[in-house]
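K.L.:
Pasting a structure below so you can have a look.
The values are calculated or read from the model by the stated rules, or taken from the named source; none is laboratory data. Keep in mind that this is a model prediction, so the values were computed, not measured. Note that we place each Cβ from the backbone using ideal geometry, even for glycine, and neighbour counts take in every protein chain shown. These accessible areas exclude ligands, DNA and RNA; they are computed on the full protein's heavy atoms, side chains included. Shrake-Rupley method; radii C 1.70, N 1.55, O 1.52, S 1.80 Å.
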Amino acid sequence: ALYRVETAPYNQLDIQNLVYPYWIISHVVKGQITTETAGHRFAVPVGSVMVHPPNVPFCETGTTPGVHQWMLFSATLQ
């Protein structure tokens, strides 16, 4: 099930320990960010896609303006 689809512009990004009960896929259209999940930190350049699993806290930080396209969904194996 698809719950939300958005384009999100920002001047800077400081998301700390955000948790959703759904999967999140985020495409970096503009900007340079760093993401961290479960102690693993990665630089995320333009054109990259991040996948955040449900019920796992994640952080995203960026000091420059940017744009993300993202969606929130649930999925199960049948």
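K.L.:
Leaving ligands, DNA and RNA out of it, report the carbon-plus-sulfur percent of the accessible area of the chain at a 1.4 Å probe.
P.N.:
The value for the chain is 58 percent carbon and sulfur by accessible area.
K.L.:
So, one more: In percent, what relative contact order does the chain have, based on Cα pairs under 8 Å that are 6 or more apart in sequence?
P.N.:
Relative contact order, the chain: 49 percent.
K.L.:
Now, a different point. Between the range 1-20 and the range 63-78, what is the separation of their alpha carbon centroids in Å?
P.N.:
When both Cα centres are located, 7 Å separates them.
K.L.:
Could you compute how fast the chain diffuses translationally, taking Rh as the Kirkwood radius over C-alpha pairs and applying Stokes-Einstein at 10 °C with viscosity 1.306 mPa s? Give it in µm² per second.
P.N.:
Approximately 125 µm²/s, per Stokes-Einstein.
K.L.:
Now for a separate question. Could you tally the net charge around Thr61, taking each other residue with its Cβ under 14 Å from the Cβ of Thr61, Lys/Arg +1 and Asp/Glu -1?
P.N.:
-2
K.L.:
Subtract the Cα-Cα distance of Val5 and Thr63 from 0.36 nm times their separation in residues, and report this length gain in nm to one decimal.
P.N.:
Taking 0.36 nm per residue and subtracting the Cα distance, the gain is 18.5 nm.
K.L.:
Can you tell me the accessible area per residue over the range 35-76, all protein chains present, probe 1.4 angstrom, in square angstrom?
P.N.:
Accessible area per residue, the range 35-76: 55 Å².
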